[in-house]
Amino acid sequence: MSRTLPVLTVTAVLIALWYLAVIPMNATWEYDQARRAGAELPFAEMVARTMAQERPVLPAPHQVVIGLYEQTVGCDAVGRRMCRETTPLTVQGFGQRVVAAFTSNRSLVYHAGVTLSATMLGFLIGTGGGILLAIGIVYNRAMDASVMPWAIASQTIPIIALAPMIIVVLNSVGISGLIPKAIIAAYLSFFPVVVGMVKGLRSPDAMQMDQMKTWSATGAQVFARLRLPMSMPYLFASLKVGIAAALVGTIVGELPVQEGGLGVRLLSGSYYGQTIQIWAALFAAAILAAGLVGIVGLIERRVLARMGMKR
């Protein structure tokens, strides 16, 4: 309770503030409609209407929750025919909808899977490249003086401007689909890994390094027995940031294309003024990011506990 109560309290306050913000954001439309109809609109009725608009400026929390359901296993996700053929109140009918949601291009589950595949590929590329680059920076002064400033400068380029350029250039050489989005994800995820890994590899102090020298340890032994184990907490902290950044990069990379993904859902919702669809896709992305970070955290606890470094 000492851990969950503060989280639940903050969540409840945010939801309450969200509901309060819905009223003024959506009230203008309701008053305008009432004025055109020449009718009086009591405050209580206006509040009720702002919570149930079809295309609100700011959807209410319950509308986003309903939108998430409808766009995952509901009729919006699997199509009206599937809704007619299955009974959602039965376990079998609901199971059929869940299976259909993974294959229907209307479903957020399907689009989240498309985004997840590019995210994981880009994350693996960015992590591998970041670790190798960090090792080079730590063990080579020339790389430390030359590569590190360029790595920092690369993050000042807005990804929203860089992503279309990457996609166009790769398409011109016949590379499309998953690879361009993965490269964009890797571009955002490698930098936190580089910074964290460099910090971790340099974390052993002078006394520890001197101790390894007294044991006549080689450079490879110092790396494997001291630098690498000491860098694990820094690496996992960077991986949590990197995997979230990779997801953001994938979503940005999906905006210029129409091949599926949460970015495509966001863009199509903005085209047609479907704010509930936009917010549902945003929450789906947030849930996906929280799950990925949670998996990295679980692996971190297992690895550090196995190494005797559990915090």
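The values are calculated or read from the model by the stated rules, or taken from the named source; none is laboratory data. Everything numeric here is computed off the predicted structure, so don't read it as measured data. No Cβ is skipped: glycine too gets one built from the backbone with ideal geometry, and neighbour counts run over all protein chains shown. Surface accessibility is based on the protein's heavy atoms, side chains included, excluding ligands, DNA and RNA. Shrake-Rupley method; radii C 1.70, N 1.55, O 1.52, S 1.80 Å.
A few points about this structure:
- Annotation: extensible slack from T11 through V57 equals 14.4 nm (criterion: 0.36 nm per residue apart, minus Cα-Cα distance).
- For S146 and E45, the difference between the fully extended length at 0.36 nm per residue and the C-alpha to C-alpha distance is 29.9 nm.
- Across segment 121-132, rounded Karplus estimates of 3J(HN,Hα) from the backbone phi angles (6.51 cos²θ - 1.76 cosθ + 1.60, θ = phi - 60°) give 5, x, 5, 5, 5, x, 5, x, x, x, 5, 5 Hz, Gly and Pro being marked x.
- Cα→Cβ-extended label distance, 7 Å offset, between R36 and D210, nm: 8.1
- Prolate/oblate/rounded call for segment 168-269, Cα gyration tensor, a/c under 1.5 rounded: prolate
- Computed FRET value (nearest 0.05) for S203 with S2, which takes r as the C-beta separation and R₀ as 35 Å: 0.70
- Between E70, E30, E45, the Gaussian network model of the chain with springs among Cα atoms under 10 angstrom shows the greatest mean-square fluctuation at E45.
- Loop-located chymotrypsin sites (Phe, Trp or Tyr not before Pro) in segment 226-311 (DSSP state not H, G, I, E or B) with no more than 15 neighbouring Cβ atoms inside 10 Å: Y272.
- For S104, no residue has an amide H sitting under 5 Å from its own, ignoring neighbours fewer than 5 places away on the same chain, with H placed 1.01 Å from N.
- For the chain, fraction of C-alpha pairs farther apart than 37 Å, in %: 34
- Expected-Rg normalisation [2.2 N^0.38 Å, Cα atoms] applied to segment 255-294: 1.21
- Here the gap between L304 and W18, fully extended at 0.36 nm per residue and compared with their Cα-Cα distance, gives a gain of 99.1 nm.
- Rolling a 1.4 Å probe over the protein heavy atoms gives the chain an accessible area of 56 Å² per residue.
- Derived scalar couplings ³J(HN,Hα) [segment 40-46; Karplus, 6.51 cos²θ - 1.76 cosθ + 1.60; whole Hz; x for Gly, Pro]: 7, 10, x, 4, 4, 5, 4
- Gyration tensor (alpha-carbon) shape descriptor, segment 229-311, a/c threshold 1.5: prolate
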